[in-house]
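Accompanying notes for the structure given below.
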Amino acid sequence: MGEEKRPSILVVDDEAAVRELLKLHLAGAGYDVKVADDAIVAGRSVMQAPPDLMVVDVAMPYLDGVDFVTALKADTTMPQVTVVFISGNAEVLERARRLGAPCLKKPFSADELLEVVRRELMLRPPTRRARLDYLSAST
């Protein structure tokens with residue numbers, strides 16, 4: 001009997017407390033969770049072991065979450081990963097919404113987070129993670 005693979009999630013946030021809290025909630029719900037403190041570390045992680053879903057803070061140093069995800073989607077050599085954006089700034093979240101990804105405004109509850117994560121993983125199951133995304137195909 002093979003054990004079913006747990007969906008993997010990469011949490012990308014520059015605030016350590018937020019990363020750890022999200023990791024705690026997601027791991028407690030049965031997900032395999034990795035964390036990255038900026039887009040550069042996250043990009044390396046995606047190249048090494050693509051997650052099934054990423055929870056990405058929009059406002060980060062060096063490269064913000066929207067620019068990071070846009071760059072990933074534009075690179076046809078990178079696996080396409082489902083994204084959920086998070087931010088405490090409503091104006092910044094509006095930029096993220098334009099990419100068509102779900103957005104959570106901080107503060108949000110663990111239940112809200114888990115509901116969005118479950119829904120997004122059901123819409124785009126892990127077995128389809130390597131498919132070519134329409135956004136990158138049209139650019």
May I ask you to list the residues in the range 81-94 that are modelled with pLDDT of 85 or more and crowded, with 17+ Cβ neighbours inside 10 Å? VAL81, THR82, VAL83, VAL84, PHE85, ILE86, SER87, LEU93
Name the residue that is surrounded by the fewest Cβ atoms within 10 Å (Cβ to Cβ), counting only residues in the range 102-128 that are free of Cβ contacts under 8 Å to residues at least 60 places away in the same chain and touching a helix residue (DSSP H, G or I) at 6+ places or on another chain (Cβ under 7 Å). LYS105
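The values are calculated or read from the model by the stated rules, or taken from the named source; none is laboratory data. Owing to the predicted nature of the structure, the values given are computational and were not obtained by experimental measurement. Glycine also receives a Cβ, built like all others from the backbone with ideal geometry; neighbour counts cover every protein chain displayed.
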